[in-house]
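Since the structure comes first, as structure tokens, the remarks are kept for the end.
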Amino acid sequence: MKWLQLDAESVAARVQASGRPADLPSLASSLRGGIIGFTIVSIAGFAPWAIGGRWFYKNLGEGGMYGVCALVFIAASGVVLHRLIIGPGSLARFYKLFSLAFGAYSVAWMAGWMMLRGHPGSIAGLLAGTILMGLILTWAFNARAQALQVIAALFLLNSAGYFIGGWVEAAVSSLKGTSLTRSTQFVLAKSLWGVCYGLGFGAGLGLAFYLCQARTRALLKTRPPSVQ
């Protein structure tokens, strides 16, 4: 994906031209940024389902409802996650890359879920979606050697957040004798699923972006920016 210019040489050239050293995130800061950022995004992304799910389902169908959620995920992502990309111009590049990667993930997940349903559908969708996302990320960063690591990180951590979130959602939804109204309980349950999903997938994204930019970090350590 030369048009994104996320390969190590292109990033190093932008940093040199900027005259300022690039911030090289550590593994810990990448994980922290991914977890915090994507949890915020996930709460927003689950909101159409949690708050207006019945209306969207009735008027747009199941696929349309999930499509609206995916659009919210993409729209909210760049503001809080673009610093996962090293170098100047990260915001626009993040939106372009994440729109493609998360869009492919969403379509694959919906296909797996709608064809098989239940846990088999969820697993099939998560696996297909994270494979596509991992391939797109490693292609964009010219980091194909890290493809298996990136896909494994995305699948395992995303699945952990997804299934733990599903368990929490079911537990909260089945609570009896609370002072909450049914609608409030519904929104709370779905929102908590969003939190868990965000924590898991956010960790996967932070690790994936860190792995994809290993060569970029190594190259920038040997190339100081040009003096303006």
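The values are calculated or read from the model by the stated rules, or taken from the named source; none is laboratory data. Fair warning: this is a prediction, and the values are worked out from it, not measured in the lab. Cβ atoms come from the backbone with ideal geometry, glycine included; neighbour counts cover every protein chain shown.
In this entry, Leu132 is excluded by the filter for residues that are out of contact with any Phe, Trp or Tyr (no Cβ under 8 Å at 6 or more places or on another chain) and either of a type outside the set (Lys, Arg) or modelled with pLDDT of 95 or more (or both). Of all the listed residues (Val150, Val172), the sole one being crowded, with 17+ Cβ neighbours inside 10 Å and under 14 Å from the mean Cα position of the chain (by Cα) is Val150. Among the residues of this structure, Ser159 does not count as one that is free of Cβ contacts under 8 Å to residues at least 12 places away in the same chain, surrounded by fewer than 20 Cβ atoms within 10 Å (Cβ to Cβ) and among the small types (Gly, Ala, Ser).
Can you report the number of residues in the stretch 66-114 which are hydroxyl-bearing (Ser, Thr, Tyr) and either surrounded by fewer than 17 Cβ atoms within 10 Å (Cβ to Cβ) or under 21 Å from Lys2 (Cβ atoms) (or both)?
3
For the residues Ala108, Ala104, Ala153, the requirement of being more than 29 Å from Gly64 (Cβ to Cβ) and outside any loop (DSSP other than H, G, I, E, B) singles out Ala153.
Residue-wise test of (1) touching a helix residue (DSSP H, G or I) at 6+ places or on another chain (Cβ under 8 Å); (2) farther than 21 Å from Asp23 by Cα; (3) of a type in the set (Val, Ile, Thr).
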position: Ala75; (1), (2), (3): no, yes, no
position: Pro88; (1), (2), (3): yes, no, no
position: Trp113; (1), (2), (3): yes, yes, no
position: Leu116; (1), (2), (3): yes, yes, no
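Residues that are buried (at least 16 other Cβ atoms within 10 Å of the Cβ) and assigned to a loop (DSSP other than H, G, I, E, B) occur in the stretch 203-219; there is at least one. Determine if the stretch 89-98 includes at least one residue that is outside any loop (DSSP other than H, G, I, E, B) and farther than 21 Å from Gly202 by Cα. Checking the stretch 89-98: not a single residue is outside any loop (DSSP other than H, G, I, E, B) and farther than 21 Å from Gly202 by Cα.
The residues on offer are Ala17, Ala13, Ala47, and the sole one that is at pLDDT 95 or above and assigned to a helix (DSSP H, G or I) is Ala47.
When the test is whether a residue is surrounded by fewer than 17 Cβ atoms within 10 Å (Cβ to Cβ), of a type in the set (D, E, K, R) and either within 21 Å of Gly166 (Cβ to Cβ) or in contact (Cβ under 8 Å) with a residue 12 or more places away in the chain (or both), Arg117 passes it. Could you grab me the full set of residues in the stretch 157-198 that are of a type in the set (S, T, N, Q) and either part of a helix (DSSP H, G or I) or under 11 Å from Ala50 (Cβ atoms) (or both)? Within the stretch 157-198, Asn158, Ser159, Ser173, Ser183, Thr184, Gln185, Ser191 qualify. The sole residue among Ser10, Ser18 that is free of Cβ contacts under 8 Å to residues at least 60 places away in the same chain, farther than 30 Å from Val68 by Cβ and either surrounded by 15 or more Cβ atoms within 10 Å (Cβ to Cβ) or among the hydroxyl-bearing types (Ser, Thr, Tyr) (or both) is Ser10. Of the candidates Phe46, Phe56, the single residue that is buried (at least 21 other Cβ atoms within 10 Å of the Cβ) and of a type outside the set (Val, Ile, Thr) is Phe46. Apart from one condition, Glu62 fits all of (1) free of Cβ contacts under 8 Å to residues at least 60 places away in the same chain; (2) buried (at least 20 other Cβ atoms within 10 Å of the Cβ); the exception is (2).
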